[in-house]
Structures are given as C-alpha cells and as structure tokens.
Amino acid sequence: ILSGELLEQEVISCRKDGSHSILLLRETAITLPDGKPGILSISSDITGQKRANDLLRESEEKYRFLAENTTDIIALLDLNLNYSYISPAVVRQRGYSVEEAMSQKLEEATTAETMKEAYDLLEVELMTEATGTADPNRSVALELEQYCKDGSTIWVDVSLSFIRDANGKAI
C-alpha cells in the first residue's frame, strides 16, 4: 500500500461460534509518531447488508420476470398521468413497442369517451385521497377503450391503485 492510498476489500471472517461474516476491510499506509511506517486498518461487518442486497436483487429479478412475461399490461404512471413503465405485453395487445407506448400520452392511447371516465374517476380518487381517511390499499376498476397500432381499438379492464412513498403519500 502506498502512502495515502486506500485499499478496500471484502473478506470472509470466521466467528467464535463457527459462523461466517463478511467484513469490509479498509487499509491505508501511515507514518507512526516515531517515524516508522504502519498500516491503519478498519473493518466493518457488512454481512447483514450483503444478505439484504442479495434478497433485494432476487426479489427485483422475480418481479421483473413476472412483469415482463405476463400477458396483462402493467403500467406505472405518475400523478400527471405520464408513463414511467409499461410492460412488454403492450406489444402483444396493442402492437406498439414499449418505447412507442411510453412516448404516448394517455390521451393518445385511449379513446376520448373512455378517457373522460378515467379523468372523472381520478378526480374522485384524488379528492378521496385528500381527505386523509381513505383506505391506502384500495383499488378501483374501470374499462378503457385503447387504440392499437393498426388503428383498431381494444377494450381493457384496468385495476388502478396508488403507489406510495415511505410516508404513505400517493405518488
């Protein structure tokens, strides 16, 4: 280790009870008060963090697999009704690529008649949300007529619910 250089590495350590832990070892060369060279070493037990990261990665992989392989369209929209995610099922159902569907406004994807119903429902839901007493786990259903790339339309059953931030606020 050169002076001032920080070396970081993960090491597996054996505990007294025989179990293993993962340590993040940080070392740097220092000069001791007597002028001799030394190494400052700090270790942190990151076993729990590594396990949590592994579980999160596995969970994300599972949900990504489900979303990408379902025949139903899964879409995430913000409160301004802009898409932030559309599953690949949009290709099978409406003929648009994911990128094409993501670039559409909801008004462009849905007929004017059923879009009005969606706006009315959203208005009611936002007013209900504003009361602060609404069930945060509620969902509502409606049918929308959406445009396909070939110019035809299809009717889709939609189940809507809010995604919430860490404070429970609808986002």
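A compact table of results
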| item | result |
| --- | --- |
| Complete set of residues in segment 99-132 that are open to solvent by less than 40 Å² (accessible area, probe 1.4 Å) and in contact with a helix residue (DSSP H, G or I) (Cβ under 6 Å, 6 or more places away or on another chain) | Ala101, Met115 |
| Selection within segment 67-98 - of a type outside the set (A, V, I, L, M) and surrounded by 15 or more Cβ atoms within 10 Å (Cβ to Cβ) | Tyr83, Ser87, Pro88, Gln93, Arg94, Gly95, Tyr96 |
| Only listed residue being touching a strand residue (DSSP E or B) at 6+ places or on another chain (Cβ under 9 Å) and of a type in the set (Lys, Arg), chosen from Arg164, Arg138 | Arg164 |
| Residues being without any contact (Cβ under 8 Å) to a residue 40 or more places away in the chain, farther than 15 Å from Leu81 by Cβ and of a type in the set (A, V, I, L, M) - total across segment 141-171 | 2 |
| Pick from segment 4-21, criterion more than 31 Å from the chain's Cα centre (by Cα) and aliphatic (A, V, I, L, M), ranking: nearest to Asp45 (Cα to Cα) | Leu7 |
| Count - residues of segment 147-171 that are open to solvent by 70 Å² or more (accessible area, probe 1.4 Å) and among the charged types (D, E, K, R) | 4 |
| Filtered residues of segment 23-51 (kept if outside any strand (DSSP E or B) and either surrounded by fewer than 11 Cβ atoms within 10 Å (Cβ to Cβ) or not charged (D, E, K, R) (or both)) | Leu32, Pro33, Asp34, Gly35, Lys36, Ile46, Thr47, Gly48, Gln49 |
| Index of the failed condition, Arg64 passing every other in (1) open to solvent by 70 Å² or more (accessible area, probe 1.4 Å); (2) under 20 Å from Glu143 (Cβ atoms); (3) basic (Lys, Arg) | (2) |
| Flag for Leu7 being at pLDDT below 95, of a type in the set (A, V, I, L, M) and not in a strand (DSSP E or B) | no |
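The values are calculated or read from the model by the stated rules, or taken from the named source; none is laboratory data. Treat the numbers as computed from the prediction; the structure is a model and nothing was measured. Because the Cβ atoms are built from the backbone with ideal geometry, glycine has one as well, and the counts that use them run over all protein chains shown. Ligands, DNA and RNA are stripped out before the accessible areas are found, and what is left, the full protein with its side chains, is counted by its heavy atoms. Shrake-Rupley method; radii C 1.70, N 1.55, O 1.52, S 1.80 Å.
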